[in-house]
Amino acid sequence: MSAGLRPRTWGAAFVVAFGVVVLAAAPVFAHSELERSDPPNGGMVAEGRSTFALWFTEPVSSESSTFELHTSDGRQVVVAVTASEDGFVQLKTEPLAEATYHLDWQVLSDEDGHAEQGTVEFGVGMWPVLDSSSGGGGAQPVELILRWLNLTAVLLVVGALAVSGRVLGAMGEAGRGPRRRAQLIGASAAVSAAVLGAITPFLLTPRGGASLANWMDSSLDTVATTSWGRLWLAREIALVVVAVALWPWAVRRAISSSRTQVAVASLAAA
């Protein structure tokens, strides 16, 4: 490879990497959204009502979601929550007195682990005065940051393996030093992705007013009982295998082909 080709090669690699990031990040914007509620946002029900319902576009984890009901003056109402596999959530309370109520919800999708939050405002025996911020809500900033960091780390691993094998590997002895540095970058990125993945379920699980111990239990339940949690755990195992396959050999010498194959296979699984 001539020196004149390198800028164009790296430019093409950047374009491809950017495209992969954009395409891979697209699922971040597909959330378990609130489809409808009973009563609807801005609706009114009769005094004494004690059963309410929410319909989400994806199943939600009851262990990792919070639903808090309070009046406009801050009085909390105890809520019993039952969630089904089709995204239907039923809430039961004491018979409600006349007032304006705010139902603040934070949910974690059972299917893909997306966190979403919002508020439903309604009146009991009266029409409520709506807060302009109420409604379906949106993805939490911490979720977007975590997913972009995870994607960036994984893409660094992919890029390091590709460059060290296809580009630097073809340079022979001249590419030995740069190849080892590229592999070290890939190994560091794999470790970073694994660490980020380990803390992700804890940061995405809504804490609400729960104690630290209950929040930790809910986070572990997220991993153990939801479809997303089990897939995320498998991804973590794969990333650990990638890091173990790359790190020691990246520090000391070029990675053997068998180690590279293990890393690539595990990365594909992740």
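The values are calculated or read from the model by the stated rules, or taken from the named source; none is laboratory data. Here the structure is a predicted model, which is why all the values come from computation and not from measurement. Glycine gets a Cβ as well: all are built from the backbone with ideal geometry, and neighbour counts include every protein chain shown. Keep in mind that these areas ignore ligands, DNA and RNA; they rest on the heavy atoms of the full protein, side chains included. Shrake-Rupley method; radii C 1.70, N 1.55, O 1.52, S 1.80 Å.
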Quiz item: Can we say Phe67 is in contact with an Asp or Glu (Cβ under 8 Å, 6 or more places away or on another chain), buried (at least 19 other Cβ atoms within 10 Å of the Cβ) and under 21 Å from Met126 (Cβ atoms)?
Solution: no
Quiz item: Which one of these is surrounded by fewer than 19 Cβ atoms within 10 Å (Cβ to Cβ) and either under 23 Å from the mean Cα position of the chain (by Cα) or on the phi < 0 side of the Ramachandran plot (or both): Ser37, Ser50?
Solution: Ser50
Quiz item: In region 216-233, which residues are open to solvent by 40 Å² or more (accessible area, probe 1.4 Å) and over 12 Å from Gly113 (Cβ atoms)?
Solution: Met216, Asp217, Leu220, Asp221, Ala224, Thr225
Exercise. Report, ordered by the first and then the second residue, all pairs with beta carbons closer than 7 Å, sequence separation of six or more or different chains, a first member in region 141-156 that is under 15 Å from Leu204 (Cβ atoms) and touching a residue at least 60 places away in the same chain (Cβ under 8 Å), and a second member that is open to solvent by less than 50 Å² (accessible area, probe 1.4 Å) and among the hydrophobic types (A, V, I, L, M, F, W, C).
Key: Glu143/Ala115; Glu143/Leu204; Leu144/Val28; Arg147/Ala25; Arg147/Val28; Trp148/Ala25
Practice problem: Confirm whether Phe29 is within 23 Å of the chain's Cα centre (by Cα) and either at pLDDT 70 or above or surrounded by 11 or more Cβ atoms within 10 Å (Cβ to Cβ) (or both). | Solution: no
